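Here is the structure we will look at.
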Amino acid sequence: MKRALITGITGQDGSYLAELLIAKGYDVHGVIRRSSTFSTQRIEHLMFSDPPGVTLHYGDLSDGNGLMRLLREIQPHEVYNLAAQSHVSVSFAQPTYTADVTALGTLRMLEAIREVQDVTGRQIRFYQASSSEMFGKVVETPQTEATPFHPRSPYGVAKVYAHWATVNYREAYGLHASCGILFNHESPRRGETFVTRKITRAATRIKLGLQDKLYLGNLDAKRDWGFAGDYVEAMWLMLQQESPDDYVVASGETHSVAEFCDAVFSRLGMLAHEHVAFDPSQQRPAEVDLLLGNPAKAAQTLGWKPAHTFGDLVDMMVEHDKSVAKMEMLIALNGKPEGSALA
Ligand code: NAP
Ligand code: GDD
């Protein structure tokens with residue numbers, strides 16, 4: 001049985017990847033951080049299944065010794081490094097922390113893999129969560145694996161470091177290390193401070209009278225948005241190849257934030273411009289104006305293509321958040337159900 005270790009298992013992608021690997025028969029292990037409140041909502045269905053689908057270990061990308069110990073103990077065949085301080089806006093407020101976790105954290109994991117491989121003589125395949133944010137102020141459109149990087153945020157800079165560190169360990173030490181340069185991917189499990197989920201949460205609440213306005217920053221930015229559940233399959237496919245490599249994973253379509261708003265509000269029978277207001281505090285010191293990926297290499301070499309369209313993604317997120325808003329409405333009207341976890 002293959003064993004996989006996922007850092008960032010409590011995040012959006014970690015939860016979908018864990019489901020995929022369990023379905024493929026893997027023994028799935030995940031790294032979680034200690035926190036004073038639960039951070040495992042996205043994987044509770046895997047933790048409390050019978051038998052449990054995942055084994056969780058405390059760890060942190062800031063703790064290299066801890067990572068090495070985990071690798072020795074678990075002896076994974078594959079490591080998926082999804083953990084990061086992943087919020088672009090937050091990276092402007094916490095640049096040093098972002099560099100420590102997102103950039104140096106990757107280096108710590110690469111070092112741990114190198115050491116443990118040397119001692120055990122067993123190969124550990126490595127996946128690095130690189131990002132289209134590395135293209136930043138894009139020098140060509142669409143972006144491919146050959147497009148030069150021009151990051152526009154401390155997060156983007158940290159991801160460029162982690163990307164090149166991974167390439168360097170592949171070239172210098174022969175690690176089976178691959179980078180997925182993933183363009184934005186969303187889902188009903190997306191964190192609520194990223195723009196798509198912020199929009200679907202707010203619009204569905206506005207529809208039920210639970211909220212008045214949706215405050216957003218730059219509506220003109222364009223993103224290549226796909227469904228996270230499709231994108232984790234590309235991660236797995238990269239580690240099944242004989243040779244490691246880097247791949248752009250994208251939908252090949254781009255839409256503005258304003259278009260995403262229109263699509264969401266129109267599905268709810270409303271007009272976005274009547275409910276969206278400008279919040280200058282949501283603007284970034286430097287913006288990434290346009291992302292559009294060319295996933296031809298992933299299609300050709302990995303046989304990967306997304307199963308869901310932009311429209312499917314919007315439908316899925318709106319439907320999910322309609323249910324969440326209805327639940328909030330019921331709780332507001334009746335209080336939390338007696339004896340429930342919500343009480
Ligand atoms: P996410 O939902 O924000 O999840 C991030 C994960 O990293 C969480 O599990 C978080 O744990 C964990 N984490 C943060 N700091 C950590 C640390 N110091 N040590 C260990 N774990 C830590 O992100 P995502 O959307 O799933 O994205 C997964 C990865 O892909 C990230 O590296 C992201 O930068 C990258 N990426 C994402 C996209 C996208 O559009 N989603 C596109 C390109 C690349 P807690 O739950 O404890 O906070
Ligand atoms: N978050 C947020 N909140 N973004 C807003 C808002 C707002 O209120 N208003 C406008 N935006 C704009 C941002 O300025 C940005 O241009 C765009 O919406 C998308 O923002 P996010 O959803 O926060 O995503 P991101 O593109 O900055 O970063 C995401 O994608 C990267 C891949 O390109 C994250 O998932 C990164 O981790 C990932 O690497």
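Nothing in this text is a laboratory measurement; each read-out follows from the coordinates by a stated rule. Not measured: the values here are computed from a predicted model. Glycine also receives a Cβ, built like all others from the backbone with ideal geometry; neighbour counts cover every protein chain displayed.
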Treating only the Cβ atoms of Lys and Arg (+1) and Asp and Glu (-1) as charged, compute the dipole magnitude of the chain about its Cα centre; round to the nearest 20 debye. 480 debye
When only Cα pairs under 8 Å and 6 or more residues apart are kept, what is the percent relative contact order across the chain? 17 percent
Which residue, chosen from 329, 12, 142, occupies the Cα position most advanced towards the positive end of the dipole of the chain, where the dipole is computed from +1 (Lys, Arg) and -1 (Asp, Glu) charges on Cβ about the Cα centre? 329
Viscosity 1.567 mPa s, temperature 4 °C: what is the translational diffusion coefficient of the chain from Stokes-Einstein with a Kirkwood Rh over Cα pairs, rounded to a whole number of µm²/s? 62 µm²/s
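In units of 2.2 N^0.38 Å, what is the alpha-carbon radius of gyration of the stretch 4-160?
Scaled against compact globular proteins, the figure is 1.09.
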Dipole moment magnitude, nearest 20 debye, the stretch 105-149 about Cα centre, only Lys, Arg, Asp, Glu C-beta charged: 140 debye
Just for the chain, what percent of DSSP beta bridges are antiparallel, to the closest 5? 5 percent
Over its alpha-carbon atoms, the stretch 55-139 yields an Rg and a Dmax in Å of 14.4, 44
Using Cα atoms only, what is the angle between the long axis of helix 154-173 and the major principal axis of the chain, expressed in degrees (0 to 90) to the nearest 10? 20 degrees
Suppose only helical runs count, i.e. DSSP H with n ≥ 4. What mean residue ellipticity at 222 nm does that imply for the chain under -39500 (n - 2.57) per run, divided by all residues and rounded to the nearest 500 deg cm²/dmol? -12500 deg cm²/dmol
How big is the Kirkwood radius of the stretch 207-343, worked out from every pair of different alpha carbons and given in Å to one decimal? 17.9 Å
Farthest towards the positive end of the dipole of the chain, among 112, 258, 81 and with Cβ unit charges of +1 on Lys and Arg and -1 on Asp and Glu, lies the Cα of 112
Helix 64-74 sits at what angle to the longest principal axis of the chain, using alpha carbons and giving 0 to 90 degrees rounded to 10? 80 degrees
For the stretch 128-229: span of alpha carbons on each principal axis (Å, largest first): 58, 27, 23
How many percent of the alpha carbon pairs in the stretch 88-128 exceed a separation of 18 Å? 42 percent
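Sort 232, 139, 157 by Cβ crowding within 10 Å, fewest neighbours at the top.
Neighbour counts put them in this order, fewest first: 139, 157, 232.
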Using only the Cα atoms of the stretch 202-259, each taken as one equal point scatterer with no solvent, compute I(q) by the Debye sum, divide by I(0), and report log10 of the ratio at q = 0.19, 0.22 Å⁻¹. -0.84, -0.93
Can you compute the charge dipole magnitude of the stretch 253-343 about its Cα centre, using +1 on each Lys and Arg Cβ and -1 on each Asp and Glu Cβ, nothing else charged? Give it in debye, rounded to the nearest 20. 300 debye
Considering only 31, 160, 90, give the residue with the highest GNM mean-square fluctuation for the chain, with springs between Cα atoms whenever their separation is below 10 Å. 90
Round to the nearest 10 and give me the degree value, 0 to 90, for the angle of helix 195-207's Cα axis relative to the longest principal axis of the chain. 30 degrees
